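Structure, as structure tokens:
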Amino acid sequence: MLETINVSKSFKGKKAVQDVSLYLDNGESVGLIGPNGAGKSTTISMISTLIKPTSGEIKLNGANTINKPEKIRKILGVVPQELALYQELSAYENLKFFGSIYKMKGNDLEKRIQRALEIVGLADRQKDLVKTFSGGMKRRVNIAAALLHRPQILILDEPTVGIDPQSRNHILETVRALNEKDGTTILYTSHYMEEVEQLCDRLYIMDYGEVIAAGTKAELLSILQAEDTVKAELSKMDEAFIQQVKTIDGVRKAEASHLQLKIIAKKGSNLISELVHLADQHQLQIINFHTETPSLEDVFLHLTGRTLRD
Amino acid sequence: MYRDWLNLVSEKGEGIVKAVLWAQFAKDKRNPVVILLYIAGCILAALLFAGGVQSPSVIAIFSEEENASEIEKKWEALLNTDDSLQFVIVDPEEARENVRKGNAEVAVELMQMDYRLIAASEELPSVSYVQQHVGIVFQQEAQINAVESSGGSNVRQEIENYLEDAPFQLEARGLDSEAVPQYNMSTQLLYAFTFLISMFLLGFKVNNVTNDKVSGVWNRMILSPVSKTGMYSGYIFYSFLITMFQLVSVLIVFKYVMNYEIGDNLWLIILISAFFTFSMISIAMLITGFVKSPEQFYAIYPSVIPLVPLISGAYMMPGTITNSALVFIADLFPMAHAMEAIMSVVFYDAGLQDVMMSLMVMLLIGVVAMGIGINLMERRRG
Ligand SMILES: Nc1ncnc2c1ncn2[C@@H]1O[C@H](COP(=O)(O)OP(=O)(O)OP(=O)(O)O)[C@@H](O)[C@H]1O
Ligand SMILES: [Mg+2]
């Protein structure tokens, strides 16, 4: 129902987003993932009509939204990356304000506020000032404010950034319920792969302003089907050893952190014996060794040569 | 744009402005001390600098010439023509000591045809006010002497006769004619400080636009059915209301609690204040249009605003600033026009008709500054 066609955005000549095409079908839950500065927020801002693309089109049910934003704004709820709240007001007062700008009032507004507070689990703290809340609770108010007008599409921009695991689980459950019970279409942005894996049917991977891969989890994992991920624990760190591992025939990537070595290599390559041989040469032991099924993190590593977060 | 304005007064649009007003008010209600401080600040400034309107400031005068007492007597009579200043002959040592210790801001040393100000600092508005007054008296005396010595015999008598019995009433200050209205510098200073403080208040309220843009609240409003005009109007209207509340409170305290001489036509003065407030809010919007962040506004605004009354001549006798560049700059700010209008209401009984021109100029400044300011802000967002 919502799609972007080759949208690009430059800020003062610097490309932030380039030729991004993505779509959201009714009732889907879609993830948008990428490291810092990948262009996720910029893409979301364009979809939500807050900024205009430098080029490209955005369509809602086939109709262009860029110059006629009213329709999409009506059915869209946006949870911004920043805490767009009045810290000096209570949770309730914030929601009252954000509801009244949507022209809700009286009983109806009151009901919607209480419903939104229930959804995010803050009904009992509604009279408290937002500035007295924990990071996780603030994030939840931030979500509640986007739910008042019962949007058909909910866009969340890194809603779990910098908060405790408990609040994080709460938020993930909230989003899942909105999607599964209420049929809300979700576009969920994060740089935590495991969140997106849990929550989303499909995902887009962005890096340096471009979508570098897209599809369902299975489709993305199949990128790695021809490969094995091998993890080894070493007795000591040796840079020369790592460099040599990279030159083994069939090895795509070799990354070491602390004493952990992670290798992605073509299936069927003679990796293990080569590895043991090299370890001998460098006088180090391989303490532990196992082959893993690839994860989406591995997909990202495969595509970009980097991990999502350092 | 025009349709939007119509929309605002209609049933549909009204709610938005109300919502913005409500949120801004709810925030301030949590912190009522701030607005009370602005009101108290005004009154305090008035007490400190305007020096209480009824009791004139006492200025020590003395001479160390040979014929000291003759010189002192002569100038004492000539200097004591201003209601707000009282010149008193004091022992030279004592006068200097008082200034040195900070008991007095200024003393005047007299010579036959010249004078010298003894002051710890030239910066104080009261000092420059004394200087102006004394300067004018000495200048007039020098002119009279010059005319007399070049042949005219009874010039002084003639001038005084002329002023008392002028062929037509002059709207000017005479030597010490009773018929001419008394200009009261303290009253002018009172308004100058009141406006100065309200400029700070309204500026910080206008800056809430930038604050909310940075926090993302503004984006939430954009995504809602609120029109841009409705959003800006909400903030502008709130700044206006809170500033008017502060101004009117201060004026009422001055007039009815402290019994200061701030004029009889309070309604007209409030009307002029309202035009001033709108106009200055627009200037603040214009400044907001130039800055990138609320912090930058906090840095720039408070350093620019204190200059406005200074170049507008609000601390000096009217007509003191003659440099045409300065006058031009001052005219770009509403303060000069508001002060002019209010002083003419207070001292010359001007009516609505008489101040209409000033009101229109302030309105014009307001509309132009607002237009440019909002345009700049909108363009920045790209
Ligand atoms: N208003 C702007 N002006 C100039 N450059 C911008 C602006 N907004 C974003 N950028 C640039 O565009 C690029 C993409 O930024 P964006 O915020 O979309 O990334 P992101 O994927 O959301 O990153 P993060 O995970 O840190 O939120 C960055 O290089 C950023 O510096
Ligand atoms: Mg972002």
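Structure values in brief
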quantity	calculated
Selection status of A:Leu156, within 16 Å of ligand 1 (Cβ to nearest atom) and away from chain B (no Cβ under 12 Å)	yes
Residues (of a type in the set (Phe, Trp, Tyr) and either assigned by TED's automatic domain parsing to the domain that holds A:Val196 or open to solvent by 30 Å² or more (accessible area, probe 1.4 Å) (or both)) located in segment A:283-306	A:Phe289
Inter-residue pairs, beta-carbon under 8 Å, first more than 22 Å from A:Thr54 (Cβ to Cβ) and in segment A:64-87, second within 16 Å of ligand 1 (Cβ to nearest atom) and assigned to a loop (DSSP other than H, G, I, E, B), 6+ apart	A:Val79/A:Pro159; A:Glu82/B:Gly216; A:Leu83/B:Gly216; A:Ala84/B:Gly216
Tally, over segment B:29-47, of residues that are assigned to a helix (DSSP H, G or I) and within 9 Å of chain A (Cβ to nearest Cβ)	1
Number of the condition not met by A:Asn61 [criteria: (1) more than 16 Å from ligand 2 (Cβ to nearest atom); (2) at negative phi]	(2)
Any hit, segment A:108-129, residues being within 16 Å of ligand 2 (Cβ to nearest atom) and under 21 Å from B:Asp212 (Cβ atoms)	no
Matching residues in segment A:17-44 - criterion: being more than 9 Å from ligand 2 (Cβ to nearest atom) and within 14 Å of another protein chain (Cβ to nearest Cβ)	A:Val17
Criterion: part of a helix (DSSP H, G or I) and either surrounded by fewer than 21 Cβ atoms within 10 Å (Cβ to Cβ) or within 20 Å of the chain's Cα centre (by Cα) (or both) - qualifying residue of A:Arg168, A:Arg150	A:Arg168
Residue in segment B:329-347 that is open to solvent by 30 Å² or more (accessible area, probe 1.4 Å) and within 14 Å of chain A (Cβ to nearest Cβ) present	no
Residue under evaluation A:Tyr102, criteria (1) within 14 Å of chain B (Cβ to nearest Cβ); (2) within 16 Å of ligand 2 (Cβ to nearest atom); (3) touching a His at 6+ places or on another chain (Cβ under 7 Å), criterion not met	(2)
Helices (runs of 4 or more DSSP H) lying entirely in segment B:178-233 (those with 2 or more residues that are closer than 18 Å to B:Ile269 by Cβ)	B:185-206
Members of segment A:20-37 found to be within 15 Å of the chain's Cα centre (by Cα) and within 16 Å of ligand 1 (Cβ to nearest atom), listed by number	A:Leu22, A:Val30, A:Gly31, A:Leu32, A:Ile33, A:Gly34, A:Pro35, A:Asn36, A:Gly37
Residue list for segment B:351-365, filter: in contact (Cβ under 8 Å) with a residue 60 or more places away in the chain and closer than 21 Å to B:Ile262 by Cβ	B:Gly351, B:Leu352, B:Val355, B:Ser358, B:Leu359, B:Met362
Residue within segment B:69-81 that is in the same structural domain as B:Gln188 (by TED's automatic domain parsing), at pLDDT 75 or above and closer than 21 Å to B:Met316 by Cβ present	no
Residue ranges of helices (runs of 4 or more DSSP H) in segment A:1-115 with at least 3 members open to solvent by 10 Å² or more (accessible area, probe 1.4 Å), in contact with a Phe, Trp or Tyr (Cβ under 7 Å, 6 or more places away or on another chain) and of a type outside the set (Lys, Arg)	none
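The values are calculated or read from the model by the stated rules, or taken from the named source; none is laboratory data. Fair warning: this is a prediction, and the values are worked out from it, not measured in the lab. Neighbour counts are summed over all protein chains in view; Cβ atoms, including those assigned to glycine, are modelled from backbone coordinates with ideal geometry. Accessible surface is based on the protein model in full, side chains and every heavy atom, while ligands, DNA and RNA are left aside. Shrake-Rupley method; radii C 1.70, N 1.55, O 1.52, S 1.80 Å.
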